[in-house]
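Engineer: Starting off with a structure, shown below.
The values are calculated or read from the model by the stated rules, or taken from the named source; none is laboratory data. Note that the coordinates shown come from a computational prediction; the quantities given were computed from them, not determined experimentally. FYI the Cβ positions are ideal-geometry reconstructions off the backbone, even for glycines, and counts take in every protein chain you see. Just the protein is used for accessible areas: all its heavy atoms, side chains included, with ligands, DNA and RNA removed. Shrake-Rupley method; radii C 1.70, N 1.55, O 1.52, S 1.80 Å.
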Amino acid sequence: MTLTFRAADSEDAYDLAMVHTLSWQSAYWGIVPAYVLDNLSAIDRAERFAAELSASDGKHFFVAEGEGRVIGFALLQKNREASHPSTGEIVAFYLLPDEWRKGYGRQMMTFVLGELLRVGFHHVTLWVLEDNVRARSFYEACGFLPDGQTRDIKVGKWLVEMCYTRAL
């Protein structure tokens, strides 16, 4: 399957919500409590995505399409925590679980890194759950390394996120 990438628009809200929900339910099983994952609603998330897609707040959503359907998305912006203006952040990076381990994540990452470079960033960060070994391995294979920063977040229980970074 050949992927194409484009900026997301408000009509993509439900597709983004489906990718997000299914990805969370697969990737975070055994990490995030089951009651949280079982109660995720693509319909509720679609409303949130629609609002975010219509806001002009420096966030950039991109979708990955294959065979006429959205199979993944990424959310990019200026780094929320870095004081250096040349640091971007990958806030979200999700692919449908049925499409994992087929090379599409790597294609999507190549596109995302190119977009960040195109708009003037020289470094990029992302946050990943410490217990999400599969995602951490993927990011490391894409050249990201942990920078030593961590933060605690509550998703049904307290979890640790790690900051990963790389030069563009």
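Engineer: List residues of segment 31-50, by number, whose backbone nitrogen lies under 16 Å from a label position 7 Å along Cα→C-beta of GLN25.
Structural biologist: Of the residues in segment 31-50, 31-46 have backbone N under 16 Å from the label point off GLN25.
Engineer: Could you give the spread of the C-alpha atoms of segment 25-122 along their three principal axes, from largest to smallest, in whole angstroms?
Structural biologist: 39, 27, 27
Engineer: So which aspartates and glutamates pass the test for LYS157, namely a Cα distance under 19 Å, with those fewer than 8 places away in the same chain ruled out?
Structural biologist: Counting by Cα, and skipping residues close in sequence, LYS157 has these aspartates and glutamates nearby: ASP38, GLU130, ASP131.
Engineer: Moving on to the next point. Counting other Cβ atoms within 10 Å of each Cβ, which trypsin sites (Lys or Arg not before Pro) in segment 104-168 have at most 12 and sit in a DSSP loop?
Structural biologist: Values: sites: ARG106, ARG118, ARG134, ARG136, ARG151, LYS154, LYS157, ARG166; in loops: LYS157.
In loop regions of segment 104-168 (DSSP not H, G, I, E or B), the sparsely surrounded trypsin sites (Lys or Arg not before Pro) are LYS157.
Engineer: Taking every pair of alpha-carbon atoms in the chain, give the share separated by more than 30 Å as a whole percent. The partial results should precede the final answer.
Structural biologist: Numbers: 1507 of 14028 pairs.
Result: 11 percent of Cα pairs exceed 30 Å.
Engineer: In Å², what does the accessible area per residue of segment 98-168 work out to with a 1.4 Å probe? Walk me through the intermediate numbers first.
Structural biologist: On the way: 3950 Å² over 71 residues.
Accessible surface, normalised per residue, equals 56 Å².
Engineer: Per DSSP helix of 4 or more residues, -39500 (n - 2.57); summed, then divided by the residues of the chain. What does that give at 222 nm, rounded to the nearest 500? Display every interim value, and only then the final one.
Structural biologist: Values: 5 runs with 57 residues, N = 168.
Using -39500 (n - 2.57) per qualifying helix, the result is -10500 deg cm²/dmol.
Engineer: Mind computing the radius of gyration and Dmax over the alpha-carbon atoms of segment 1-56? Å is fine for both.
Structural biologist: 13.0, 36
Engineer: Under a 1.4 Å probe, what is the accessible area of segment 1-96 per residue, stated in Å²?
Structural biologist: Solvent-accessible surface per residue comes out at 49 Å².
Engineer: Share of antiparallel DSSP beta bridges in segment 44-168, in percent to the nearest 5? Numbers along the way, then the final one.
Structural biologist: On the way: 28 of 32 bridges.
If I count the DSSP bridges inside segment 44-168, around 90 percent turn out antiparallel.
Engineer: Right, next: Lysines within cross-link reach of LYS78: Cα-Cα under 20 Å, excluding same-chain residues under 8 positions apart?
Structural biologist: Correct list for LYS78: LYS59.
Engineer: Could I ask something else about it? Can you pull the percent of segment 1-72's accessible area that's carbon plus sulfur, 1.4 Å probe, other chains left in place? List each step's numbers first, then the result.
Structural biologist: Details: 1900 of 3790 Å².
The nonpolar share, carbon plus sulfur, comes to 50 percent.
Engineer: Determine ³J(HN,Hα), in whole Hz, for all residues of segment 56-64 in sequence, where each value follows from phi through the Karplus function 6.51 cos²θ - 1.76 cosθ + 1.60 and θ = phi - 60°; x replaces Gly and Pro.
Structural biologist: After applying 6.51 cos²θ - 1.76 cosθ + 1.60, I find 10, 10, x, 8, 10, 9, 10, 10, 10 Hz.
Engineer: For segment 2-104, state which trypsin sites (Lys or Arg not before Pro) are in a DSSP loop and have at most 12 other beta carbons lying within 10 Å of their beta carbon.
Structural biologist: Details: sites: ARG6, ARG45, ARG48, LYS59, ARG69, LYS78, ARG80, ARG101, LYS102; in loops: LYS59, ARG80, ARG101, LYS102.
Here the sparse-neighbourhood loop sites are ARG80, ARG101.
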